[in-house]
Structures are given as structure tokens and as C-alpha cells.
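Please read the structure below before turning to the comments.
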2 protein chains.
Amino acid sequence: MPRQVTAFSNATVKRLRSLRDKKHRKSEGLFLAEGLRIIAEARDSGRLPDIIAFSPEGAKHPLAAEIIAASEAAGGEAIETTPDILSKMSGKDNPQMLLGAYRQPDTALERIDRSTAPLWIVAQALRDPGNIGTILRTGDAVGAGGLILIDDCADPFSVEAVRASMGALFTQQIATARWEEFLPWLRSGPGQLAGTSLKATHDYLEAEYKQPCFLLIGNEQQGLPAAYEAECDLLVKIPMAGRADSLNAAVAAAVMAFAIRASWR
Amino acid sequence: MPRQVTAFSNATVKRLRSLRDKKHRKSEGLFLAEGLRIIAEARDSGRLPDIIAFSPEGAKHPLAAEIIAASEAAGGEAIETTPDILSKMSGKDNPQMLLGAYRQPDTALERIDRSTAPLWIVAQALRDPGNIGTILRTGDAVGAGGLILIDDCADPFSVEAVRASMGALFTQQIATARWEEFLPWLRSGPGQLAGTSLKATHDYLEAEYKQPCFLLIGNEQQGLPAAYEAECDLLVKIPMAGRADSLNAAVAAAVMAFAIRASWR
């Protein structure tokens, strides 16, 4: 049976609230996901929350009730609480009626099995958690295996990234690694490292992409470091028709990923 | 000569600060743009700010100094102020060293000359100003003429949208209209209205896009209303390989816009 919690000072409320901070996500090994859509996506991918919090309104939805019951049956904690407290936990003025705390998966690079997908997205030093979530969502849509985060990226388990991923966080594999770790791992098996560059001569629509393809996306401000570009097996250019010389990082990832997929049809 | 301003209570500081709110942007007819990159982009597009604020550090850059001088010569107001005050005005912890207030362009639909570009992006009820700015940036990159905002969209002149546009706000035309105004305007001249739909049978890569093409993008949560889909001359499907059935709105706009452009090569 779910406990009823109406005090902001309740320990579980405080614990869930603390997961908005990376430090606490790390020490707890948990992260937050909000809303029935994402939480149902997680369940369909075989993931139930360790802790689930919901408003009386939220528990009325049959699918929500089912997931709450399944979470408790699996040993999870369930609390029924107020919209005000849900709002405090999620940091949103209009909170979702359902909030789950999930165990963070192991993000070791060695856990990635590159043979399971033709395309992997590799992002370097992405600062915007929204971009990371959006790239995960795009990865799901193009049939990528997952996202490998290189160097100092924003936390893929932040509330903003989970929200932008629309559930793809649960379906895409995620790894984090330094470039110095990634490169030997990449070269230990098959794989084409493909990056975009203003200096490239290959048009992105005419290049030959090979499976598994590792699509390398650079930092929002600086793009890819020259040394990283130099390691690419393929550098392509997305022609720019206007005044700007770059795209938003999540847009560049999507335009490239869809072009790569189209080239394989 | 720029005035030196160090008081938060200064009238110009308060006026610039107020432009973070839509209500004041509307009554003043002004909006904020931050940072040398965007302000230089504006100047290169023939736009100078009515008011420019900068830190002593910011004015050291020769290009910044040139734009400050040009703004004053054109009758604009220039104030030298502190990073703290710049931070308060932009709402950013790490403010840019340069901030300009620009006159909002007329966004009447009648001002759009469809013959000037092969592609126009039409967005319906977009709620996220970051998506609007990102779509403007993408529009610039694909050679679109501009963005037509239908129904209740976020404000394209908000600080977040301007920031995400990376200057494309100054190079892309912007119009706002109700659907009931847009449709007769569209049908008063040549133009193919193209939308994406899960129900479509045409693959987005195999459709025939005609110039001028009006690419219609739906709201982040609901997508396009059925009645709007019904008005489309062409409905296409972006195949989804994973579990999700939709893309981020700015990503969908980019994947479609680049595919349309590629089809014309």
C-alpha cells in the first residue's frame, strides 16, 4: 500500500527533491523521470522505479495504477502526495502527476555491444542537457544503439535531459568516457568514425557511411577539436545556405543521423 | 559618448531589464540581443540597436567598439555599465559583455514576399522559445525565407529565442498570424503546404516538394490538428525506427527542411 505523505519535510520527499542535483544523483545512483508517458515507456522497456510518487489524480489513470502496483510488487516504495510537493520535487510549476526515481544504469564503455546497431552517436563536451535528451530521442527514432558521451558533458540523468529524451533514455544505451578511453575502444573493433567539419570536402549526402557508423558531434560553442577531427575516418560537410556557419548541436546530430540512415536504404 | 551607469535604479537599466518580459517588449516595441556574435550578425544585416549596453571589457573588442560608435552615430543610446548590471538585464549568471535593444520588425503576414525564397517554415502553437530560435537558425542554414508563426506561439523576440537563433532572427523574416488569416493568404499565391503526419503514406524522402514550399510544423505536444493536416497539399511520414512516434519539433523541422532542400539539388 502506498503511504500518504503531505509534509515537505518527509525523508522520501527530501530524497527525491535532492535528485535534482547531480551530486545527489551520483551518491544515490538514482535519477528522476516525470510523467506517465515517460514512466510507461520505462516500464515497457522493463524498467520500474525504485521510488514512485504520485498525486491522487495521477493514480486514477489505469496505466499509472498498474505501474504503481508493479513497482510496489517489485519492492519499490510508493508515496501518494500533493501536487505542491510533486512540484517542489520536479522543480516545475505545473508538475506531472507521477514521478519516479530510477536506478542509473552502468555507463561503462565496455558495456556497449557495437554489433547490436548500425549507428551510434558520439557527443563531445555537450553542455546543454536539453541537447543530450533531444539527441537520445533522435537516436531512438533513427534506430541508433545509443549515445556515447565524451569528455565533460552535461549529465544525461538530469531532469532536463530525461524530459527532453521523452523516454529514449530508457531505450538507448548510454556510455560516458574520456576521448583517450574512447579511441582505443573504437579501434578495437569495426567502426567508421564520421564527423562534420567546415573544412571537409565530402558533401554529407554523397559520402559512403559504413556500419557500424559512429557519428561524432562536437561541443555547442567550439565544435570538434582539430585533434578529434583528425581521427575521423570520414569528414563531411553540411552545406550552409545562409549567413551562419553552424547548426544547433542536436539539429546537426539529427540531420546527419537521418542522412546516414537514408544512405543505407 | 557613452554614458557610464553603475546604478541598478538607472532608468535605461530598468528599461532594458523590463524587456525580458513579453508585455514590456510589446509596449516598447523592442527586444534584447546579447553577445558580440549576434550583435555583429545584426549589424551585418543592416540592423543597429536603439540602445546598446556594454562592460568596459566588452568595449575593448574592436568590432564591439565599432558597433557602439555606429549605434551612437545613428542616434542610439550607449551605456557603459558593470558585469553585474549586464547580468541583471540578461538574466544570465555569466552575461555577455554586450547587450543591444532592437526595434521589433513588423510581423504582418502581408510583408512576406514568398517569391524571395523556395522554402518557408510555418510553425503552429510552438510553446518553447528555444525551439523557435533553433528553427530560425535552421531556416537560415537551409536558405529558407523565414518563419511564419501560427496561432499561440512563444514569443520569437524573447531572450531565449533570440539566443537560440544565434543571429538568424536578424536574417530570417518573421510573421505571426492566425490559421484563419494564414490559409487565405497562402492560397492567394503559389505554394505547396507540406506537413508531416503519422498517418501519411508518402515517405518524406520520396515525396515531390514544389517551390515555394511551406513546411508546416505542429505543436510540441499535440502535433498538427487534424483540420490543419487536412489542408496540406502534401503529407509525408518520417519513418520512426524506435519506440517513440515523434521527434522534437525543432529536429522534425530540420530533418524535413534538409530533406526538401536535398530533393531540389
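The values are calculated or read from the model by the stated rules, or taken from the named source; none is laboratory data. From a predicted model like this one, the values you see are computed outputs, not experimental measurements. We place every Cβ from the backbone using ideal geometry, glycine too, and count neighbours over all the protein chains shown.
Structural remarks
- The test for being within 14 Å of chain A (Cβ to nearest Cβ) and small (Gly, Ala, Ser) does not hold for B:Ala230.
- Within this structure, B:Val122 passes the test of being more than 10 Å from chain A (Cβ to nearest Cβ) and either touching a Pro at 6+ places or on another chain (Cβ under 7 Å) or over 23 Å from B:Leu32 (Cβ atoms) (or both).
- A:Leu224 meets the stated requirement of being under 21 Å from the mean Cα position of the chain (by Cα) and either touching a residue at least 24 places away in the same chain (Cβ under 8 Å) or within 23 Å of B:Ala252 (Cβ to Cβ) (or both).
- A search for C-beta distances below 8 Å between a residue of the stretch A:185-205 that is without any contact (Cβ under 8 Å) to a residue 24 or more places away in the chain and closer than 22 Å to A:Gly145 by Cα and any residue that is buried (at least 16 other Cβ atoms within 10 Å of the Cβ) and of a type in the set (A, V, I, L, M), counting only pairs 6+ apart in sequence or on different chains, returns nothing.
- Look at (1) in a loop (DSSP other than H, G, I, E, B); (2) more than 13 Å from chain A (Cβ to nearest Cβ) and you find that B:Leu198 fails only one, number (2).
- Qualifying residue in the stretch B:246-258 (condition: in contact (Cβ under 8 Å) with a residue 12 or more places away in the chain, over 17 Å from B:Thr138 (Cα atoms) and within 13 Å of another protein chain (Cβ to nearest Cβ)): yes
- The single residue among A:Leu136, A:Leu147, A:Leu169, A:Leu99 that is outside the structural domain of A:Ala250 (by TED's automatic domain parsing) and under 30 Å from A:Ile67 (Cβ atoms) turns out to be A:Leu99.
- Only a single item in (1) within 13 Å of chain B (Cβ to nearest Cβ); (2) without any contact (Cβ under 8 Å) to a residue 40 or more places away in the chain; (3) out of contact with any strand residue (DSSP E or B) (no Cβ under 9 Å at 6 or more places or on another chain) is not met by A:Asp128, and it is number (2).
- Some residue of the stretch B:130-142 being touching a Pro at 6+ places or on another chain (Cβ under 7 Å) and surrounded by fewer than 22 Cβ atoms within 10 Å (Cβ to Cβ): no
- Top-ranked residue of the stretch A:220-265 - restricted to ones that are modelled with pLDDT of 95 or more and part of a strand (DSSP E or B), ranked as surrounded by the fewest Cβ atoms within 10 Å (Cβ to Cβ): A:Lys237
- Scope the stretch B:159-188; condition among the polar types (S, T, N, Q), away from chain A (no Cβ under 13 Å) and assigned to a loop (DSSP other than H, G, I, E, B); matching residues: B:Ser188
- Some residue of the stretch A:135-157 being more than 11 Å from chain B (Cβ to nearest Cβ), in contact (Cβ under 8 Å) with a residue 60 or more places away in the chain and part of a helix (DSSP H, G or I): no
- Verdict on B:Ala117 being out of contact with any helix residue (DSSP H, G or I) (no Cβ under 8 Å at 6 or more places or on another chain), in contact (Cβ under 8 Å) with a residue 40 or more places away in the chain and either hydrophobic (A, V, I, L, M, F, W, C) or in the same structural domain as B:Pro212 (by TED's automatic domain parsing) (or both): yes
- Across the stretch A:209-241, the number of residues qualifying as within 14 Å of A:Leu198 (Cα to Cα) and either touching a Lys or Arg at 6+ places or on another chain (Cβ under 7 Å) or of a type in the set (Gly, Ala, Ser) (or both) comes to 5.
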